[in-house]
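Beneath this line is the structure, given in structure tokens, with notes to follow.
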Ligand SMILES: Cc1cc2nc3c(=O)[nH]c(=O)nc-3n(C[C@H](O)[C@H](O)[C@H](O)COP(=O)(O)OP(=O)(O)OC[C@H]3O[C@@H](n4cnc5c(N)ncnc54)[C@H](O)[C@@H]3O)c2cc1C
């Protein structure tokens with residue numbers, strides 16, 4: 001078993017990383033080479049701006065290359081809860097922003113000819129308890145009436161034709177959305193940006209950003225550059241000059257295992273539609289079939305950071321969950337196991353804007369493959385003067401109370417979620 005991301009391990013070679021020291025002057029410096037940063041670099045490149053992307057590791061090596069492979073519409077939190085919190089109009093705007101984000105991914109794939117096995121699969125949220133289905137039915141009614149008619153409740157009588165498991169009582173199907181090979185998508189985005197002149201510096205951790213004259217001086221492990229504008233696209237970075245952001249994000253580990261390739265007849269029986277799936281528990285699982293017929297199975301197995309020993313422990317828990325949902329796969333070989341950090345905000349909505357003269361976009365709360373890509377495009381617009389392009393412009397972003405930068409509270413949240421899953 002490889003303790004590595006399947007997406008990164010099977011990504012195509014040929015990422016056009018820049019050699020030599022980081023130096024020179026640019027219109028824009030982008031810190032972080034995930035989907036936010038790579039998409040922004042492409043957008044700036046298309047506008048004819050000079051842009052450098054600096055990443056502490058490899059391009060796409062953060063959450064963008066370590067996720068569940070789903071690219072779904074719909075907000076991270078429950079639509080009914082969001083509506084109660086924000087009112088109908090703002091909840092609709094949030095929902096529509098995610099639908100637009102899926103469209104952005106599909107458009108970029110088309111326009112840039114990115115070969116990433118994109119499938120418009122839709123997402124099926126599976127009710128793990130009978131009253132979870134009742135809740136999904138109520139939410140579906142609101143979504144259908146207010147914002148998206150391309151959804152359907154799959155009742156108990158039909159759920160086995162979607163997912164052949166005894167564990168589910170029905171589900172909510174949202175058809176708009178898809179799945180893709182995240183490593184291929186990252187390399188495709190990077191190549192498209194490089195074709196427009198973007199410089200991509202790997203292993204160039206940024207250590208300081210300071211105003212100097214009319215520009216910014218950005219220091220990194222590979223040298224120093226100057227830029228007129230800076231976009232921070234680091235997600236929940238645990239290093240570098242990002243203390244202000246750290247106090248606003250909870251970096252929660254999420255973990256994934258991938259089986260050996262499974263026989264086609266097994267998959268045709270278990271998951272005939274090959275959608276993206278997620279379960280309704282708070283400590284939920286998510287899964288999908290990979291392009292080479294493996295089952296990718298993930299979840300928030302434990303509330304802890306992702307590091308290799310912790311990943312291996314979490315993966316043992318996931319293996320148990322997989323066997324519970326699909327007993328026929330209990331003996332399937334596990335070929336990959338890894339973890340990553342999800343950048344969760346207090347209300348699970350993204351944040352993007354300007355702080356101290358520097359721009360940022362992050363906090364996608366586990367729903368970021370589409371939104372990060374979308375926000376990279378949007379931030380190029382916003383930073384060129386079109387504030388309206390930012391769907392998250394009117395959201396305040398106070399620090400999480402009691403959060404000093406180290407997420408001491410995560411084990412407590414984990415224990416609370418586990419308890420709530422038992423009783424709710
Ligand atoms: C296990 C897991 C499963 C997920 N599943 C899904 C899913 O199925 N669907 C979905 O929509 N979303 C999912 N997500 C969330 C999604 O992957 C992210 O929201 C999205 O990829 C964020 O992209 P990003 O560019 O903002 O950040 P990242 O991809 O994390 O990129 C940030 C980059 O910044 C770099 N960086 C950090 N600090 C510095 C520094 N000081 N200097 C330079 N560079 C720095 C990092 O090296 C990293 O490459 C998942 C996330 C995880 C972890």
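The values are calculated or read from the model by the stated rules, or taken from the named source; none is laboratory data. Being a predicted model, the structure only gives us computed values, none of them experimental. For neighbour counting, all protein chains shown are included, and Cβ atoms are generated from backbone atoms with ideal geometry for every residue, glycine included.
Give me the pairs: first residue in the stretch 232-243 and at positive phi, second residue more than 7 Å from the ligand (Cβ to nearest atom) and outside any strand (DSSP E or B), beta-carbon distance under 9 Å, and six or more apart or on different chains, which are they?
Final answer for the pair search is 235/249; 235/363.
Working carefully through the options 348, 316, find the one that is away from the ligand (no atom under 11 Å from the Cβ), within 16 Å of the chain's Cα centre (by Cα) and surrounded by fewer than 21 Cβ atoms within 10 Å (Cβ to Cβ).
Only one candidate qualifies: 348.
Does residue 5 fit the bill of being touching a strand residue (DSSP E or B) at 6+ places or on another chain (Cβ under 6 Å), in contact (Cβ under 8 Å) with a residue 12 or more places away in the chain and more than 16 Å from the ligand (Cβ to nearest atom)?
Against the criterion (touching a strand residue (DSSP E or B) at 6+ places or on another chain (Cβ under 6 Å), in contact (Cβ under 8 Å) with a residue 12 or more places away in the chain and more than 16 Å from the ligand (Cβ to nearest atom)), residue 5 does not qualify.
Among 171, 183, 193, 178, which is the only one that is within 14 Å of the ligand (Cβ to nearest atom), over 28 Å from residue 250 (Cα atoms) and crowded, with 18+ Cβ neighbours inside 10 Å?
On the way: 171 fails: within 14 Å of the ligand (Cβ to nearest atom); 183 fails: over 28 Å from residue 250 (Cα atoms); 178 fails: over 28 Å from residue 250 (Cα atoms).
Of the residues listed, the single one that is within 14 Å of the ligand (Cβ to nearest atom), over 28 Å from residue 250 (Cα atoms) and crowded, with 18+ Cβ neighbours inside 10 Å is 193.
Quick one: which strands (runs of 3 or more DSSP E) lie wholly within the stretch 10-99 and hold at least 3 residues that are within 7 Å of the ligand (Cβ to nearest atom)?
Answer list for the stretch 10-99: 70-72.
Hey, can you tell me all the residues within the stretch 33-91 that are on the phi > 0 side of the Ramachandran plot and touching a helix residue (DSSP H, G or I) at 6+ places or on another chain (Cβ under 9 Å)?
Of the residues in the stretch 33-91, the ones on the phi > 0 side of the Ramachandran plot are 48, 60, 69, 74, 87.
Passing the criteria: 60, 69, 74.
For the stretch 127-135, indicate whether the set of residues that are within 16 Å of the ligand (Cβ to nearest atom), closer than 24 Å to residue 286 by Cα and either surrounded by 15 or more Cβ atoms within 10 Å (Cβ to Cβ) or in contact (Cβ under 8 Å) with a residue 40 or more places away in the chain (or both) is non-empty. Write out each step before concluding.
Start the filter on the stretch 127-135 by keeping residues that are within 16 Å of the ligand (Cβ to nearest atom), which leaves none.
The answer is no, given that none of the residues of the stretch 127-135 is within 16 Å of the ligand (Cβ to nearest atom), closer than 24 Å to residue 286 by Cα and either surrounded by 15 or more Cβ atoms within 10 Å (Cβ to Cβ) or in contact (Cβ under 8 Å) with a residue 40 or more places away in the chain (or both).
Any residue in the stretch 323-331 that is at pLDDT below 95, over 19 Å from residue 62 (Cβ atoms), surrounded by fewer than 23 Cβ atoms within 10 Å (Cβ to Cβ) and in contact with a helix residue (DSSP H, G or I) (Cβ under 6 Å, 6 or more places away or on another chain)?
Checked the stretch 323-331: no residue is at pLDDT below 95, over 19 Å from residue 62 (Cβ atoms), surrounded by fewer than 23 Cβ atoms within 10 Å (Cβ to Cβ) and in contact with a helix residue (DSSP H, G or I) (Cβ under 6 Å, 6 or more places away or on another chain).
Find the residue count for the stretch 378-416, including only residues that are surrounded by 21 or more Cβ atoms within 10 Å (Cβ to Cβ), in contact (Cβ under 8 Å) with a residue 60 or more places away in the chain and in contact with a helix residue (DSSP H, G or I) (Cβ under 7 Å, 6 or more places away or on another chain).
Matching residues across the stretch 378-416 total 3.
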